[in-house]
Amino acid sequence: MLVRTATHADRERVTTVHEAAVRAVPPDAYDRHHLDSWDHGRDPEAYPLDDPDRTVLVAEREGTVVGFGQAHHGRAEVEACYVHPDHAGRGVGSALLAGLEGRLAGTGAEAVDLVASLNAVGFYEGAGYDRVEATTVEGRDGVELPCVRMEKQLRPVDAGDAARGWGRLPV
């Protein structure tokens, strides 16, 4: 598997992964009303590939994009981490999350924040994130999706990492 920075050529594939991942959310996490609000037609041009304060990564297997993640440097926030359901449970999400955390660590972040969908809370807890509070995210037509705000502390780097300019690393 290869994790790399997304390019403009990846936009359609990122959209496909995003939509497939949302459609695969189990019904015990959200009802159909919530899922319809969340999965409301994505514009491939909307992914912030040219924003210097954001990182968008893709994971590829055999030349196919199977996941993507997005982070905002200024807020030290993971904004998205989605894996195509055909590749779930195979380390794709973990690799993307580690890549995003590494990019945020390189900016000097001491902690990483995110808002997790209910179906993803266990994944993030397994990656070392702690629950901070219940929250909501507004979907289409004002529908509020229940979520959980989470945080992960980053560990200080050692002298070798500092010499390489890595800032702080994920725990």
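What to note about this one:
- Most mobile of 67, 93, 139 in a GNM of the chain (Cα contacts under 10 Å): 139
- Angle between the chain longest axis and helix 11-23 axis [Cα atoms, degrees, rounded to 10]: 60 degrees
- Label point distance in nm, residue 155-residue 4, each placed 7 Å from Cα along Cα→Cβ: 3.1 nm
- Folded to 0 to 90 degrees: helix 92-106 orientation relative to the chain principal axis, Cα: 50 degrees
- Each 10 Å bin from zero up to the one holding the largest Cα-Cα distance in the chain carries the following percent of pairs: 10, 37, 39, 12, 2, 0.
- Environment charge at residue 76 (Cβ cut-off 9 Å; Lys +1, Arg +1, Asp -1, Glu -1): -2
- FRET efficiency for the residue 19 to residue 50 pair, using the beta carbon distance and R₀ = 25 Å, is estimated at 0.70.
- Under the Karplus curve 6.51 cos²θ - 1.76 cosθ + 1.60, θ = phi - 60°, whole-Hz ³J(HN,Hα) for the stretch 108-123, x wherever Gly or Pro sits: x, 4, 9, 8, 10, 10, 7, 10, 9, 5, 4, 6, 9, 4, x, 4
- Helical runs assigned H by DSSP (4 residues or longer) give the chain a calculated mean residue ellipticity at 222 nm of -7500 deg cm²/dmol, each run adding -39500 (n - 2.57) before division by the residue total.
- Residue 62/residue 138 FRET efficiency (R0 41 Å; Cβ-Cβ; nearest 0.05): 0.65
- Within-15-Å neighbourhood charge of residue 36 [Cβ basis; K, R +1; D, E -1]: -2
Each reported figure results from applying straightforward, stated rules to the coordinates on display, with no laboratory input. Since this is a predicted model, take the numbers as computed values, not measurements. Using ideal geometry, Cβ is built from the backbone for each residue, glycine included, and neighbour counts are taken over all protein chains shown.
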